[in-house]
Amino acid sequence: MKTDPRLTLEERIEAELKSYDGTMGLYMDDLKGNVITRFPDEPFETASTIKVYILAALFDAIEQGKASLKDMLTCEERFWIDGSGILGSLEVGTTLSVKNVATLMIIVSDNIATNMLIDYLGIDSINACIQKLGCKDTKLHNVLDFAKYHQLGTTTPRDYASMFVRIANRTLVSPEASQQMWEILSQQHYNSMIVKSLPQFYVDPDNYDEQLFWFASKSGSMNACRNDGGIITTPYGSYVIVMLNKDFSDKQYYPDHPATVFGSRISRLIFDQYLTLEGRLK
């Protein structure tokens, strides 16, 4: 029988999710030895979160001298796919540097840019890098082609969080590569879940003279999933938060989807706890 009347953070999270029609996997790490998880090793569809793994594979290839951010890639018709991004508005034959393609893949989740990088690196090489990084339960299954494939990739909360933990600790590929990946991720435009319910004053850097809060993240959504994850940096330090969702009954996509609403509530709980404890989750 519990004798301490105070609710733990884990109990508060479970209370929030009592009426949630779906499965939410969570992984939170305050980078000080405190970790909170929920279904950490459950497999989930990646949707666009796989793009973080592709980004890591790119920088790993660069580190090995097999790729360069200065290489030029061509937007060929075979890469065309509907969905997020801006490259579909450009002419076939447009050329961009690998750096610009990688940046667009993350900051506007550009699907055509993603197919270009998959072609540039190769699916087998990307998956080999993912395994080398220790993400044994993560795999890129195919290119983006909604007419042909109904799945893009598979991952777990633990694997996805490990990418952000290493970026935060500057140990993903190399310190320099980690810094570059963090800079790209911090420009990401789709703050759909983990930032959605945070105080706007903190989210908008125009509200204070010196930026105190930073958000480096990547979300992903398909009919079967709603995902988000990243690094939140505060005056007390940084923490990693990942939330992956599946098994919900409403497959439509809209901003206030239940997975997004419940996910944003959990993120706010974590954020408030971290600030209250001045840089710790427990």
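The values are calculated or read from the model by the stated rules, or taken from the named source; none is laboratory data. A quick note: this is a predicted structure, and the numbers were derived from the prediction, not measured. Glycine gets a Cβ as well: all are built from the backbone with ideal geometry, and neighbour counts include every protein chain shown.
Some notes on this structure:
- Scanning region 164-180 for residues that are in contact with a Ser or Thr (Cβ under 9 Å, 6 or more places away or on another chain) and not aromatic (Phe, Trp, Tyr) yields VAL165, ARG166, ILE167, ALA168, ASN169, ARG170, THR171, LEU172, SER178.
- Residue check, GLU210 loosely packed, with under 15 Cβ neighbours inside 10 Å, of a type in the set (Asp, Glu), more than 16 Å from GLY230 (Cβ to Cβ) and at pLDDT 95 or above: no
- Some residue of region 134-144 being closer than 30 Å to PHE39 by Cβ and assigned to a helix (DSSP H, G or I): no
- Out of ASP119, ASP124, sole residue that is out of contact with any strand residue (DSSP E or B) (no Cβ under 7 Å at 6 or more places or on another chain), surrounded by fewer than 17 Cβ atoms within 10 Å (Cβ to Cβ) and more than 23 Å from ILE86 (Cα to Cα): ASP124
- Looking only at region 51-91, residues that are surrounded by fewer than 11 Cβ atoms within 10 Å (Cβ to Cβ) and among the small types (Gly, Ala, Ser) come to 2 in all.
- Residue match in region 19-32 (condition: over 17 Å from the mean Cα position of the chain (by Cα) and hydrophobic (A, V, I, L, M, F, W, C)): yes
- Checklist (1) surrounded by fewer than 18 Cβ atoms within 10 Å (Cβ to Cβ); (2) over 17 Å from the mean Cα position of the chain (by Cα); (3) assigned to a loop (DSSP other than H, G, I, E, B) applied to ARG170, failing item: (2)
- Strands (runs of 3 or more DSSP E) fully within region 4-95 that include at least 3 residues being among the small types (Gly, Ala, Ser): none found.
- Selection over region 194-220 of residues that are within 24 Å of LEU133 (Cβ to Cβ) and not basic (Lys, Arg) gives a count of 7.
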